[in-house]
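A.B. asks: Got a structure for you, questions after.
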C-alpha cells in the first residue's frame, strides 16, 4: 500500500455539507459505502477507503457482515498516521443478525472496534430488525430454519444493549437500519436513547416519502443506501421488474445539462433532499465525482420536483432471505399496510 497523502484534486472536507443530529453532532452529508456485494475484494475496498479519505470523504459506512473491517482498519491506521485526526472521521458499523442475543452486542461491537483499529464508533446500527441469519453469498431461496418474525420485546433487549454501548463510550450514537414506521413507533415509545439515524434504501425510483418524512419529523436522520440504484448489488437481489435509476430520462436529461454521469445526479438529489447517501465505488473517478457533486452545481427547484415525480416504488433490496414461514412474500418484511406482519 502507498503512503497516505491528501490529494491535490480532492474536495475540502470543510465544504461538504453536514447534517445536525438530535444530539447536536454534525455528520457528513455523504459517506462511502463498503459493501462489496460479493463482486470486489476486501483489499480493493480497503484501498478505496484510503483513496476516498484522501480526496475529502470523512464518513465511512462499514458493517461486520461485509467481512472486510479488518482490512479497512489498516486503512484507517495509515490515514491517521498520515495526519488525519480520528475526530475528523465519522465511522459507522453495524450489528449483524446473529448477534442480537444477551451479551452478544458488546462482543460484536468490540470485535468491529478491534478490526477497525478504533476506540469508538461514531454510529452503531442494528443492521436488520430480524435476528435471522443467512450465510454470505447465499441465493434468494435460502431460508434459515430458525428464522423468527419481528418480536418487539426481543428487539428491545437488543436495543438496551445498544444503549449500554453509548453509556460505555464505545459508540457515540446508535441507530436502526431496514426499519418501518410501525416498528420505529414502538422503538421511539420504549427507547431510553432514541435512534440517531435510520439507514434505509433510497434512490429516485424508491424514495420512501412516508418513512423519510416520519424520520425527519422525529429527528432521526435518514441514511440512504443504494443511492444510485445499486447496479452492482448481488444477483440474488435482482428481479425482472427492477427499474434502473441512471437510465431514467429525467435523470439523464439533468446529467446532460451538467455534463456528468447520471449516477452523480442521483447522489446530488439525495444530498439536496436531506438524506445522507452512502454510494459505493472502488473507482477513484467515481467516488471523487460523487463527492464533488455535494459542493458544485446544485439542482434547480424544478429539477428536484421532476425527480420527486419519478418515484416508482421499486425496492431493490427486498430481503427475501429473512422470511420466517412458508408462502410469505418479501412484502411481509416491510409492513406495507402499516401494521407489523404477525408471527
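The values are calculated or read from the model by the stated rules, or taken from the named source; none is laboratory data. Predicted model, so just to flag it, every value in this text is computed and none were measured. When we count neighbours, we look across all protein chains shown, and the Cβ atoms used for this are built from the backbone with ideal geometry, even at glycine.
Okay, residues lined up against (1) out of contact with any strand residue (DSSP E or B) (no Cβ under 7 Å at 6 or more places or on another chain); (2) farther than 18 Å from residue 277 by Cα; (3) modelled with pLDDT under 95; (4) part of a helix (DSSP H, G or I):
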{"residue": "24", "(1), (2), (3), (4)": "yes, yes, no, no"}
{"residue": "27", "(1), (2), (3), (4)": "no, no, no, no"}
{"residue": "36", "(1), (2), (3), (4)": "yes, no, yes, no"}
{"residue": "40", "(1), (2), (3), (4)": "yes, yes, yes, no"}
{"residue": "43", "(1), (2), (3), (4)": "yes, yes, no, yes"}
{"residue": "46", "(1), (2), (3), (4)": "yes, yes, no, yes"}
{"residue": "49", "(1), (2), (3), (4)": "no, no, no, yes"}
{"residue": "52", "(1), (2), (3), (4)": "no, no, no, yes"}
{"residue": "75", "(1), (2), (3), (4)": "yes, yes, no, yes"}
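A.B. asks: Please indicate, with yes or no, whether at least one residue in the stretch 118-132 is farther than 30 Å from residue 320 by Cβ, within 21 Å of the chain's Cα centre (by Cα) and buried (at least 20 other Cβ atoms within 10 Å of the Cβ).
C.D. replies: Taking every residue of the stretch 118-132 in turn, at least one turns out to be farther than 30 Å from residue 320 by Cβ, within 21 Å of the chain's Cα centre (by Cα) and buried (at least 20 other Cβ atoms within 10 Å of the Cβ).
A.B. asks: Next up: Does any residue in the stretch 73-86 that is touching a residue at least 40 places away in the same chain (Cβ under 8 Å) and at positive phi come within less than 7 Å, Cβ to Cβ, of a residue that is surrounded by fewer than 19 Cβ atoms within 10 Å (Cβ to Cβ) and outside any helix (DSSP H, G or I) six or more places away or on a different chain, and which pairs are these?
C.D. replies: none
A.B. asks: Okay, moving on. If I ask for residues that are touching a helix residue (DSSP H, G or I) at 6+ places or on another chain (Cβ under 6 Å) and under 22 Å from residue 332 (Cα atoms), which ones from the stretch 151-194 would you list?
C.D. replies: 152, 156, 181, 186
A.B. asks: Against the conditions (1) closer than 30 Å to residue 153 by Cβ; (2) part of a helix (DSSP H, G or I); (3) modelled with pLDDT of 95 or more, where does residue 315 fall short? Just the number, please.
C.D. replies: Here residue 315 clears every test but (2).
A.B. asks: Quick check on my filter: what residues within the stretch 145-157 are touching a residue at least 60 places away in the same chain (Cβ under 8 Å) and buried (at least 19 other Cβ atoms within 10 Å of the Cβ)?
C.D. replies: Answer for the stretch 145-157, where residues must be touching a residue at least 60 places away in the same chain (Cβ under 8 Å) and buried (at least 19 other Cβ atoms within 10 Å of the Cβ): 149, 150.
A.B. asks: In the stretch 227-259, which residues are touching a residue at least 24 places away in the same chain (Cβ under 8 Å), under 22 Å from residue 30 (Cβ atoms) and in contact with a helix residue (DSSP H, G or I) (Cβ under 9 Å, 6 or more places away or on another chain)?
C.D. replies: Residues satisfying the conditions are 227, 228, 229, 230, 245, 248, 250, 251, 254, 258.
A.B. asks: Next question. Go through (1) closer than 24 Å to residue 40 by Cα; (2) outside any helix (DSSP H, G or I); (3) in contact (Cβ under 8 Å) with a residue 24 or more places away in the chain one by one and return the number of the condition residue 192 breaks.
C.D. replies: Exception for residue 192: condition (1).
A.B. asks: Restricting to the stretch 266-294, what's the tally of residues that are out of contact with any helix residue (DSSP H, G or I) (no Cβ under 9 Å at 6 or more places or on another chain) and either assigned to a loop (DSSP other than H, G, I, E, B) or on the phi > 0 side of the Ramachandran plot (or both)?
C.D. replies: The qualifying residues number 1.
A.B. asks: Next question. Looking at (1) under 17 Å from the mean Cα position of the chain (by Cα); (2) at pLDDT 95 or above; (3) over 30 Å from residue 55 (Cα atoms), which is the only condition residue 310 fails?
C.D. replies: (1)
A.B. asks: Determine if the stretch 284-298 includes at least one residue that is under 17 Å from the mean Cα position of the chain (by Cα), surrounded by fewer than 24 Cβ atoms within 10 Å (Cβ to Cβ), more than 24 Å from residue 6 (Cα to Cα) and at pLDDT 95 or above.
C.D. replies: no
A.B. asks: Filter the stretch 202-224 for residues that are surrounded by 23 or more Cβ atoms within 10 Å (Cβ to Cβ) and assigned to a strand (DSSP E or B) and give the result.
C.D. replies: 203, 221, 222, 223, 224
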